[in-house]
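The values are calculated or read from the model by the stated rules, or taken from the named source; none is laboratory data. These numbers come from a predicted model, not from an experiment. Using ideal geometry, Cβ is built from the backbone for each residue, glycine included, and neighbour counts are taken over all protein chains shown. When the accessible area is computed, the model is the full protein with side chains, heavy atoms only, and any ligands, DNA or RNA have been set aside. Shrake-Rupley method; radii C 1.70, N 1.55, O 1.52, S 1.80 Å.
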Amino acid sequence: MANIPKIYAPQEIEGKWYKFWEKNGYFHAAATSEKPSYAIVIPPPNITGSLHIGHALDNTLQDCLIRWRRMQGYNTLWMPGTDHAGIMTELIMERNLADEGISRIALGREKFVGRMWQWKAETSDYIISQLQQLGCSCDWARERFTYDEGFVTAVNTAFLHLYNQGLIYRDTYMGNWCPHCNTVLSNLEVEPIEIDGNFYHIRYPVKDSEIVLEIATTRPETMLGDTAVAVHPDDERYQHLIGKTAILPLCDREIPIIADAYVDTEFGTGALKVTPAHDTNDYEIGSRHNLEQLTIFTRDGCINENAPKKYVGLSRWECRERVVEDLQNFDYLVKIVPHRHAVGHHDRCGTVVEPAISPQWFMNVQPLAQRAIEASQKGEVQFIPERETARFYHWMENIEPWPISRQRWWGHRLPIWYCSECEHITAAIARPQQCECGATDFYQDEDVLDTWFSSGLWPFATMGWPEKTQELKTFYPTAVLVTGWDILFFWVARMIMLGLGCMDEVPFRTVYLHGLVADEKGQKMSKSKGNSIDPLETIDTYGTDAFRFALANISTPIPYVPLPESQIESGRRFANKIWNAARFVLMNLEKYPVPDGSDAIDTEQETLEITWIRSRLSHTIKATTDALENFRFYEAAQTLYAFLWHEFCDWYLEFAKQRIVQEKPEALWVAADVLEQTMRLLHPLMPFLTEEIWQQLLLNGTGTTSEAAVSVTIAAWPEPKGENPIAEATIATLMEVIESIRSIRGELNVPIGASVEVHIQSPDSEVREQLETYLGQYLPAFTRVATIAIAESLQKPPAAAEAVIGDLAIYIPLADVIDLDAEHVRLSKRHQQATKDVAAAQKTLDNPNFIQRAPEQVVAQKRELLERLLTEQEKLARSLAMLTESGG
């Protein structure tokens, strides 16, 4: 008895099959195997709580590839794990501590790190359980963490390796400083955000003269740290002032007027205040002219004692208000001009970043960047889509030193030791025994490494490096990296450079950079914007497979991929369609089981529909395989959708129903065979549904599963065979004819129970032969027919509706089937209403005020409505024309 419920309930089957897969070890990769290897390392999710929609897309696509390659016979490794996430996780913990009335500083480093490990223990398992709920077939026995014991060894080894090559060094330089997180940041961690600000025009008097220089700035508070005024050496307006002295307002300090070619004579007033300690460009000018670097900010962004006493202790923003007020009071302020400009914000905490000078550890990545470019040019690593290659080259060709030290606590501490006597630096994993000066007392650098440094080692550190493990020998370089295009520079480029630097080989052969999930307006989904979809809530509502199918279906090669809820609903309808088809096949197999030892049926017994469906299946296998080979997940999804929904369910099963009524079960047996193969094809996208149906086919003894496999997870990927273009062309003609007949019936409201006469005229003798042979067999499966007449030429019957397909004409007499006059009246009224509706919708869209003021989503919905109304209007007009021609 087929054990398949009437209603598909994904929640009842998904957990069951995941446990089954894990219990049987299907996800585990062998360290040594005669099979070809195929490895992917998961972009490790941060231990910051729950997964987001980007994780869902990313891991769905990776799981598709791993499941597909596993079925193709590869020794597949999907390396799982999580990332300690440095600053981001610290910020969450600091908020938690604040709720408890405790600060990170008050708690102290040791206890704070202890709390972080406690947080990791609480969140990591939850994150892994979410990945499992998504169906991810990772090798969980190999799960890693970017701060586990082995990773600490790998990070320290990599640091020392690069340090000894002279690529890691310490320097004092201008960098990005986050006053909230109290750490330096790389340029990639700074997000420029457009804000409404001002240009403050300030008078700088020239000493011993009546001359006043007008200088514009967006940051008047930084003038407290000015150490010069710069003009262009060729600017005739100011040449006579070069070498003189200006008086710095509010500070009673004298600063030199210098000449520097950096100054843009066309921008502002052509005179530039120079603050070497608080502006990147000013820092360069100050270095060229040996200017004092006067720091006026504390680490947390407040004014220090280098500024006039009245400003000391104020925040940056309080100081700005006070300085502007004082400039007005002392008549130094000329004017304030509104100015919208981009200001750098920390991408993690959102704080406005300060340019600041500090001693940091840097990595000279230029030599490794050049090697990475060469590796790409040689084809050792390929980027998909191809356009990403140009972005990669541009970044690598203009790369700057990477500041790798962070003034935080949660992360890999630098393996750097300072002699307490002479401050000599020693790079070592363990505390040195003795300094060259003879001292034996050392202290370790307080800084930790940028999170992206440890993440950059992920492809090989997860496999046991620096040990020469069998996993590295078998699986490195990995086959492909799947991730979003937005972290090409943050992570992908650094993995390539560190892979070359530590392993002398790229970490992966292909990089597939997918789009970012967007809302219906095309804006990236994010929790902060409130426009994100919760993956777990979506899975609870629609089921995992429906969600996965929708994600695969939207993954077109564009930067932002919209995911409307209708896509996920469509995935659920698709799952239900497959379920109902499987239920039909399985229930009928109880009455007509496949004979033992039979390959469904012998070729000699094939009917046209059997030959056709096998040919279409072969095309589907080839198209799906090609789509996955080329990372066109959306094509794989759409190919399988079209085949299963339309060709298999809408057409072939209707053909098979007729054969079952005729007690000719061969078409049913082939349906079971096709269903089994398509479950294998669909398995990478919809693993739970396909396992359930595949197991039902196995349990009900259909004889269609020729493999010894006991799970579709390890069943062989189908091979294309049996293509027949003649059968496909014949069925295509029959489909067009049948669809036209059904369309006439539907549009003209012919009662379902009414049988109609069908008259077909075709000058093509081959087409006539096909129709004469097969139309009588197949048409009754879709509509009631009284008679079918086919001729080379015939006169159109009176009161007949007509459909034309090329040079083929179809006539259906209607006088004895419907009331022509009543139907004409009905359609005329509907057409008139449709015309009014079209005019109203068009009038709204022609209104510029509506287009400008209405939300984008409302405008888009109105345009969609107009398209639907136009289609309805055209359909009604066509039906009226048919009635008129038929004499109605």
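Worth a mention:
- Accessible area of the chain divided out per residue, in Å², using a probe of 1.4 angstrom: 44 Å²
- Take the convex hull of the alpha carbons in segment 112-176; its mean projected area over all directions comes to 7.7 nm².
- Computed over segment 311-389, the quotient of the alpha carbon radius of gyration and 2.2 N^0.38 Å is 1.98.
- Straightening the chain between Thr835 and Ser420 buys 140.5 nm, computed as 0.36 nm per residue apart minus the Cα-Cα spacing.
- Violating pairs (Cα-Cα greater than 28 angstrom) within the set Lys335/Lys521; Lys23/Lys721; Lys19/Lys120; Lys577/Lys664; Lys378/Lys622: Lys335/Lys521; Lys23/Lys721; Lys378/Lys622
- Prolate/oblate/rounded call for segment 759-824, Cα gyration tensor, a/c under 1.5 rounded: oblate
- Accessible area per residue (1.4 Å probe, heavy atoms of protein chains only) ranks Arg95, Arg745 as Arg95, Arg745, with the largest value leading.
- Fully extending the segment from Glu22 to Asp534 would add 181.8 nm, taking 0.36 nm per residue of separation and subtracting the current Cα-Cα distance.
- Between 0 and 90°, nearest 10: helix 544-554 axis offset from the chain longest Cα axis: 80 degrees
- Taking all protein chains as they are arranged and a probe of 1.4 Å, the heavy atoms of Arg391 leave approximately 80 Å² accessible to solvent.
- Percent of Cα pairs exceeding the 25 Å cut-off, where the set is segment 125-240: 63 percent
- Antiparallel content of DSSP bridges confined to segment 742-859, in %, to 5: 60 percent
- Solvent-accessible surface (1.4 Å probe) assigned to Thr556 amounts to roughly 40 Å².
- Computed over segment 617-671, the ratio Rg/Rh where both radii use C-alpha atoms and Rh is Kirkwood: 1.15
- Aspartates and glutamates whose Cα lies under 13 Å from that of Lys796, excluding same-chain neighbours fewer than 8 positions away: Glu757, Glu885
- Ranked by solvent-accessible area (1.4 Å probe, protein heavy atoms only, all chains present), the residues Arg826, Arg299 order from largest to smallest as Arg299, Arg826.
- Gained length - Ser566 relative to Ser526, 0.36 nm times residue gap less alpha-carbon distance: 12.5 nm
- Segment 520-651 pair-distance distribution - Cα-Cα, 5 Å bins, rounded %: 2, 9, 14, 17, 18, 13, 10, 7, 5, 3, 2, 1, 0
- Between Asp504 and Ala141, the FRET efficiency from the beta-carbon distance, with R0 = 22 Å, is close to 0.20.
- Degrees, to the nearest 10: 666-682 long Cα axis against longest axis of the chain: 0 degrees
- Solvent-accessible surface (1.4 Å probe) assigned to Asp837 amounts to roughly 60 Å².
- Cα gyration tensor category, rounded, prolate or oblate, for segment 1-45 with a/c compared to 1.5: prolate
- In this rough spin-label picture, where each label sits 7 Å from Cα along the Cβ direction, the Cys437-Gln861 distance is 7.3 nm.
- Taking every DSSP bridge with both residues inside segment 409-518, close to 55 percent are antiparallel.
- Counting only DSSP beta bridges whose two residues both lie in the chain, roughly 70 percent are antiparallel.
- Fraction of alpha-carbon pairs over 57 Å apart in the chain - percent: 29 percent
- Axis of helix 856-885 versus longest Cα principal axis of the chain: the two differ by about 20°, to the nearest ten degrees.
- Filter on Lys244/Lys273; Lys843/Lys875; Lys207/Lys244 - keep pairs with C-alpha separation over 18 Å: Lys843/Lys875
- Rounded if a/c under 1.5, otherwise prolate or oblate - segment 379-471, Cα gyration tensor axes: prolate
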